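Visitor: First the structure, which I've put down as C-alpha coordinates, then a few questions once you've had a look.
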Amino acid sequence: MERASGVLMPVSSLPGPYGIGGFGWNAYDFVDFLASCKQHYWQILPLTTTSYGDSPYQSFSARAGNPNFIDFAELIEAGYLEQRDIDGVYLGSDPSNVDYGAIFGGRRQILDRAAERFAADKPADFDDFIQANEDWLIPYCEFMTVKEECGLNHQMTQYFFDRQWSRLKAYANERDILIIGDLPIYVSRDSVEMWATPELFKIDAAGNPVSVAGTPPDQ
(Lines give C-alpha, C1' and ligand atoms only; values in the text may rest on other atoms or scores of the structure.)
Protein backbone atom coordinates (compact mmCIF):
# COMPACT_ATOMS: atom_id res chain seq x y z
CA MET A 1 0.00 0.00 0.00
CA GLU A 2 1.52 3.29 -1.10
CA ARG A 3 1.79 6.12 1.36
CA ALA A 4 -0.81 8.78 0.55
CA SER A 5 -2.57 11.70 2.20
CA GLY A 6 -6.12 12.87 2.57
CA VAL A 7 -8.53 15.03 4.53
CA LEU A 8 -10.97 14.28 7.35
CA MET A 9 -14.29 15.92 6.52
CA PRO A 10 -17.53 14.66 8.08
CA VAL A 11 -20.38 14.81 5.59
CA SER A 12 -22.38 16.83 8.12
CA SER A 13 -19.71 19.56 8.04
CA LEU A 14 -19.95 20.23 4.31
CA PRO A 15 -21.68 23.50 3.40
CA GLY A 16 -25.22 23.19 2.14
CA PRO A 17 -28.59 24.93 1.90
CA TYR A 18 -30.67 22.42 3.86
CA GLY A 19 -29.46 22.82 7.43
CA ILE A 20 -26.65 20.24 7.35
CA GLY A 21 -24.02 18.94 4.95
CA GLY A 22 -25.17 16.18 2.64
CA PHE A 23 -24.84 14.44 -0.70
CA GLY A 24 -25.52 17.50 -2.86
CA TRP A 25 -23.27 19.45 -5.21
CA ASN A 26 -21.05 20.64 -2.33
CA ALA A 27 -19.97 17.05 -1.71
CA TYR A 28 -18.98 16.70 -5.37
CA ASP A 29 -17.11 19.99 -5.20
CA PHE A 30 -15.20 18.67 -2.20
CA VAL A 31 -14.21 15.55 -4.16
CA ASP A 32 -13.00 17.78 -7.01
CA PHE A 33 -11.02 19.83 -4.49
CA LEU A 34 -9.32 16.71 -3.13
CA ALA A 35 -8.45 15.56 -6.63
CA SER A 36 -7.06 18.97 -7.60
CA CYS A 37 -4.83 18.93 -4.50
CA LYS A 38 -3.52 15.44 -5.36
CA GLN A 39 -5.13 13.95 -2.25
CA HIS A 40 -6.22 10.30 -2.31
CA TYR A 41 -8.35 9.81 0.80
CA TRP A 42 -11.54 11.33 2.08
CA GLN A 43 -12.00 10.29 5.70
CA ILE A 44 -15.54 10.50 7.03
CA LEU A 45 -17.38 9.76 10.26
CA PRO A 46 -20.13 7.09 10.42
CA LEU A 47 -22.99 7.66 7.98
CA THR A 48 -25.52 5.90 10.17
CA THR A 49 -28.68 7.38 11.66
CA THR A 50 -28.18 9.41 14.81
CA SER A 51 -30.08 8.90 18.04
CA TYR A 52 -30.32 11.07 21.13
CA GLY A 53 -27.37 13.44 21.38
CA ASP A 54 -27.02 13.56 17.58
CA SER A 55 -23.85 11.49 17.66
CA PRO A 56 -23.00 9.16 14.75
CA TYR A 57 -21.68 6.74 17.37
CA GLN A 58 -25.13 6.49 19.00
CA SER A 59 -27.27 5.09 16.23
CA PHE A 60 -30.71 3.52 15.86
CA SER A 61 -29.10 1.10 13.41
CA ALA A 62 -25.62 -0.13 12.55
CA ARG A 63 -26.66 -0.34 8.88
CA ALA A 64 -29.20 2.36 8.07
CA GLY A 65 -27.99 5.64 6.55
CA ASN A 66 -28.64 9.06 8.04
CA PRO A 67 -31.61 10.63 6.18
CA ASN A 68 -30.29 14.09 7.09
CA PHE A 69 -27.70 13.65 4.33
CA ILE A 70 -30.29 13.25 1.57
CA ASP A 71 -30.04 16.05 -0.98
CA PHE A 72 -33.42 17.69 -1.53
CA ALA A 73 -32.39 19.08 -4.92
CA GLU A 74 -32.44 15.57 -6.38
CA LEU A 75 -35.89 14.95 -4.95
CA ILE A 76 -37.10 18.18 -6.57
CA GLU A 77 -35.63 17.08 -9.90
CA ALA A 78 -37.31 13.68 -9.56
CA GLY A 79 -40.68 15.32 -8.84
CA TYR A 80 -41.05 14.15 -5.25
CA LEU A 81 -40.60 17.64 -3.84
CA GLU A 82 -41.35 21.17 -4.94
CA GLN A 83 -39.36 24.18 -3.85
CA ARG A 84 -42.41 25.48 -2.00
CA ASP A 85 -42.29 22.34 0.19
CA ILE A 86 -38.94 23.60 1.52
CA ASP A 87 -39.48 27.34 1.53
CA GLY A 88 -40.52 28.57 4.96
CA VAL A 89 -39.45 25.40 6.81
CA TYR A 90 -36.99 26.38 9.53
CA LEU A 91 -33.72 24.45 9.25
CA GLY A 92 -31.54 26.73 11.36
CA SER A 93 -30.36 30.31 11.17
CA ASP A 94 -26.55 29.94 11.19
CA PRO A 95 -25.05 28.23 8.10
CA SER A 96 -21.79 27.63 9.99
CA ASN A 97 -23.53 25.47 12.64
CA VAL A 98 -26.01 22.61 12.54
CA ASP A 99 -29.16 23.19 14.56
CA TYR A 100 -30.07 19.57 15.20
CA GLY A 101 -33.29 20.49 16.91
CA ALA A 102 -34.40 22.43 13.85
CA ILE A 103 -33.46 19.82 11.25
CA PHE A 104 -34.98 16.98 13.30
CA GLY A 105 -38.44 18.44 12.80
CA GLY A 106 -37.92 20.50 9.65
CA ARG A 107 -36.29 17.92 7.43
CA ARG A 108 -38.74 15.26 8.61
CA GLN A 109 -41.61 17.54 7.61
CA ILE A 110 -40.12 17.95 4.14
CA LEU A 111 -39.43 14.23 3.71
CA ASP A 112 -42.98 13.40 4.77
CA ARG A 113 -44.18 15.55 1.86
CA ALA A 114 -41.87 13.66 -0.47
CA ALA A 115 -43.15 10.33 0.87
CA GLU A 116 -46.72 11.18 -0.17
CA ARG A 117 -45.68 11.65 -3.80
CA PHE A 118 -43.22 8.76 -3.62
CA ALA A 119 -45.99 6.37 -2.58
CA ALA A 120 -47.94 7.28 -5.71
CA ASP A 121 -44.98 7.02 -8.11
CA LYS A 122 -42.24 4.71 -6.87
CA PRO A 123 -39.03 4.34 -8.91
CA ALA A 124 -38.76 1.20 -11.01
CA ASP A 125 -35.83 -0.12 -8.95
CA PHE A 126 -37.39 0.51 -5.53
CA ASP A 127 -38.65 -3.06 -5.06
CA ASP A 128 -35.23 -4.37 -6.10
CA PHE A 129 -33.65 -2.17 -3.43
CA ILE A 130 -36.03 -3.53 -0.79
CA GLN A 131 -35.34 -7.14 -1.74
CA ALA A 132 -31.56 -6.65 -1.86
CA ASN A 133 -31.51 -5.13 1.64
CA GLU A 134 -34.45 -6.80 3.36
CA ASP A 135 -32.29 -8.60 5.94
CA TRP A 136 -31.56 -5.32 7.74
CA LEU A 137 -34.00 -2.87 6.11
CA ILE A 138 -37.27 -4.56 7.08
CA PRO A 139 -36.37 -4.92 10.80
CA TYR A 140 -35.11 -1.32 10.81
CA CYS A 141 -38.33 0.02 9.29
CA GLU A 142 -40.41 -2.02 11.71
CA PHE A 143 -38.35 -0.72 14.64
CA MET A 144 -38.64 2.89 13.52
CA THR A 145 -42.34 2.46 12.75
CA VAL A 146 -42.96 1.23 16.29
CA LYS A 147 -41.04 4.24 17.60
CA GLU A 148 -42.64 6.82 15.29
CA GLU A 149 -45.68 5.23 13.61
CA CYS A 150 -44.56 6.20 10.13
CA GLY A 151 -43.56 3.34 7.86
CA LEU A 152 -42.99 4.25 4.18
CA ASN A 153 -40.89 7.31 5.06
CA HIS A 154 -38.09 5.05 6.36
CA GLN A 155 -38.01 2.80 3.31
CA MET A 156 -37.99 5.83 1.04
CA THR A 157 -35.23 7.64 2.93
CA GLN A 158 -33.00 4.56 2.93
CA TYR A 159 -33.58 4.18 -0.80
CA PHE A 160 -32.55 7.77 -1.53
CA PHE A 161 -29.65 7.59 0.93
CA ASP A 162 -28.32 4.48 -0.79
CA ARG A 163 -28.66 5.87 -4.31
CA GLN A 164 -27.17 9.28 -3.51
CA TRP A 165 -24.30 7.87 -1.44
CA SER A 166 -23.46 5.20 -4.04
CA ARG A 167 -23.36 7.83 -6.77
CA LEU A 168 -21.12 10.16 -4.73
CA LYS A 169 -18.77 7.31 -3.79
CA ALA A 170 -18.49 6.21 -7.42
CA TYR A 171 -17.74 9.80 -8.46
CA ALA A 172 -14.94 9.95 -5.88
CA ASN A 173 -13.48 6.57 -6.84
CA GLU A 174 -13.43 7.54 -10.51
CA ARG A 175 -11.20 10.47 -9.52
CA ASP A 176 -8.82 8.25 -7.54
CA ILE A 177 -10.30 9.37 -4.20
CA LEU A 178 -10.82 6.52 -1.77
CA ILE A 179 -13.23 6.96 1.11
CA ILE A 180 -12.17 5.68 4.50
CA GLY A 181 -14.20 6.00 7.61
CA ASP A 182 -15.46 4.79 10.88
CA LEU A 183 -18.25 2.67 12.29
CA PRO A 184 -20.28 2.94 15.51
CA ILE A 185 -18.29 0.15 17.17
CA TYR A 186 -20.62 -0.17 20.17
CA VAL A 187 -24.21 -0.98 19.21
CA SER A 188 -26.65 1.37 20.90
CA ARG A 189 -29.06 0.08 23.53
CA ASP A 190 -31.81 1.90 21.65
CA SER A 191 -31.24 0.22 18.30
CA VAL A 192 -32.92 -2.17 15.92
CA GLU A 193 -30.17 -4.73 16.57
CA MET A 194 -30.91 -4.85 20.29
CA TRP A 195 -34.64 -4.91 19.56
CA ALA A 196 -34.69 -7.55 16.81
CA THR A 197 -31.79 -9.81 17.82
CA PRO A 198 -31.37 -9.55 21.62
CA GLU A 199 -29.86 -13.04 21.67
CA LEU A 200 -26.67 -11.61 20.17
CA PHE A 201 -26.06 -9.39 23.19
CA LYS A 202 -25.28 -9.90 26.86
CA ILE A 203 -28.49 -8.78 28.53
CA ASP A 204 -30.47 -9.71 31.61
CA ALA A 205 -34.01 -11.05 31.78
CA ALA A 206 -35.41 -7.52 31.52
CA GLY A 207 -33.44 -6.83 28.34
CA ASN A 208 -30.91 -4.52 29.97
CA PRO A 209 -27.20 -4.87 29.17
CA VAL A 210 -25.26 -6.66 31.91
CA SER A 211 -22.21 -4.54 31.09
CA VAL A 212 -21.55 -1.43 29.02
CA ALA A 213 -18.39 -0.42 27.20
CA GLY A 214 -17.51 2.83 25.52
CA THR A 215 -14.85 5.41 24.83
CA PRO A 216 -14.24 8.89 26.25
CA PRO A 217 -15.17 11.88 24.08
CA ASP A 218 -12.61 13.68 21.95
CA GLN A 219 -10.94 16.62 23.67
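The values are calculated or read from the model by the stated rules, or taken from the named source; none is laboratory data. Computed from a predicted structure; not experimentally measured. Note: ideal-geometry Cβ built from the backbone for every residue, glycine included; neighbour counts use all protein chains shown. Surface areas here come from the heavy atoms of the whole protein model, side chains and all, with no ligands, DNA or RNA. Shrake-Rupley method; radii C 1.70, N 1.55, O 1.52, S 1.80 Å.
Visitor: If Rh is defined by the Kirkwood formula over all Cα pairs and Rg also comes from Cα, what ratio Rg/Rh do you get for segment 1-111?
Guide: 1.00
Visitor: Between ASP29 and LYS169, how high is the FRET efficiency from 1/(1 + (r/R0)^6) when r is the Cβ-Cβ distance and R₀ = 25 Å? Nearest 0.05. Write out the running numbers ahead of the final one.
Guide: Working: r = 15 Å, r/R0 = 0.62.
Working from the Cβ atoms, E equals 0.95.
Visitor: May I pose another question? Can you tell me the length gained on complete extension of the stretch ASP204 to ALA120, counting 0.36 nm per residue apart and subtracting the Cα distance?
Guide: 25.8 nm
Visitor: Within 14 Å, Cβ to Cβ, of VAL89, how many net charges do the neighbouring residues add up to if Lys/Arg are +1 and Asp/Glu are -1?
Guide: Numbers: positive: ARG84, ARG107, ARG108, ARG113; negative: GLU82, ASP85, ASP87, ASP99, ASP112.
Result for the local shell: -1.
Visitor: Next up: Just to check I understand the Karplus step: with θ = phi - 60° and J = 6.51 cos²θ - 1.76 cosθ + 1.60, what whole-Hz values come out for segment 13-20, glycine and proline as x?
Guide: Residue by residue, segment 13-20 yields 8, 5, x, x, x, 10, x, 7 Hz.
Visitor: Near the amide H of ILE179, under 5 Å away, which other amide H atoms are found, from residues 5 or more places off or on another chain, if H is placed in the peptide plane?
Guide: The answer is TRP42.
Visitor: Follow-up question, since we're still on this one. For segment 87-127, what is the convex hull volume of the alpha-carbon atoms per residue, in Å³?
Guide: 103
Visitor: Roughly what percent of Cα-Cα pairs across segment 133-183 reach past 17 Å?
Guide: 50
Visitor: How large is the dipole of segment 80-122 about the Cα centre if only Lys and Arg carry +1 and Asp and Glu carry -1, each at its Cβ, rounded to the nearest 20 debye?
Guide: Working: 6 positive and 8 negative charges, 31 e Å.
Once rounded to the nearest 20, the dipole reads 140 debye.
Visitor: Given labels modelled 7 Å from the Cα in the Cβ direction, how far is it in nm from TYR186 to TRP136?
Guide: Inter-label distance under the simple model: 2.0 nm.
Visitor: Given Cα pairs under 8 Å that are at least 6 residues apart, what percent is the relative contact order of the chain?
Guide: On the way: 281 pairs, mean separation 56.4, N = 219.
So the answer I get is 26 percent.
Visitor: Out of every Cα-Cα pair in the chain, what percent are more than 27 Å apart?
Guide: 37
Visitor: To continue, here is another question. Counting only protein heavy atoms and a 1.4 Å probe, tell me what percentage of segment 1-41's accessible area is made up of carbon and sulfur.
Guide: So the carbon and sulfur contribution to the accessible surface is 58 percent.
Visitor: Among the DSSP beta bridges whose two residues both lie in the chain, what percent are antiparallel, rounded to the nearest 5?
Guide: Roughly 25 percent of the beta bridges in the chain run antiparallel, per DSSP.
Visitor: If you project the alpha carbons of segment 92-188 onto the principal axes, what extent comes out on each, in Å, largest first?
Guide: Cα spread of segment 92-188 along its principal axes, largest to smallest: 41, 38, 32 Å.
Visitor: Sort 120-133, 47-60 by the packing proxy (mean of other Cβ within 10 Å over each peptide's residues), most packed first.
Guide: Packing proxy ranking, top to bottom: 47-60, 120-133.
Visitor: Helix-derived [θ] at 222 nm for the chain: sum -39500 (n - 2.57) over DSSP H runs of at least 4, divide by residue count, nearest 500?
Guide: -13000 deg cm²/dmol
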